[in-house]
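The values are calculated or read from the model by the stated rules, or taken from the named source; none is laboratory data. Just so it is clear, the structure is predicted and the values come from calculations on it, not from any experiment. Quick reminder, even Gly has a Cβ in these numbers, built from the backbone with ideal geometry, and neighbours come from all protein chains shown. For the accessible areas, the whole protein counts, side chains as well, though only heavy atoms, and no ligand, DNA or RNA atoms are used. Shrake-Rupley method; radii C 1.70, N 1.55, O 1.52, S 1.80 Å.
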Amino acid sequence: MRDFSWKYFTLTGDVDAFLLYKEMDQLSAAGAAESQAELDAAAEAAEELAP
């Protein structure tokens, strides 16, 4: 969806398509940060359980 909105924006100049692209970009970055935090927490828990 992110790529589609960017391509649509570049072809048409539609501001709404650009705003959709930016929103998808922000959601993607937030999801990546959340995933990294979950991985870090799991790694810390595994280290605590290791003998």
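Here are a few things to note about the model shown:
- Surface accessible to a 1.4 Å probe, per residue, for the residues of the chain, Å²: 84 Å²
- Note on LYS7 and GLU47: the extension gain reaches 9.9 nm, defined as 0.36 nm multiplied by sequence separation minus the Cα-Cα distance.
- Under a Gaussian network description of the chain, with springs only between Cα atoms under 10 Å, the residue in LEU11, LEU27, LEU19 that fluctuates furthest is LEU11.
- Dipole in debye (nearest 20) - the chain, about Cα centre, beta carbon charges: Lys, Arg +1; Asp, Glu -1: 420 debye
- Given a 1.4 Å probe and the protein chains as shown, ASP14 ends up with an accessible area of around 60 Å².
- Cα long-axis angle, helix 2-12 against the chain (0 to 90 degrees, to the nearest 10): 20 degrees
- Percent carbon-and-sulfur accessible area, the chain, ignoring ligands, DNA and RNA, probe 1.4 Å: 60 percent
- The rule of thumb for compact globular proteins, 2.2 N^0.38 Å, goes into the C-alpha radius of gyration of the chain 1.84 times.
- Spin-label model, ASP16 to ASP40: label points 7 Å out along the Cα-to-beta-carbon direction sit 3.9 nm apart.
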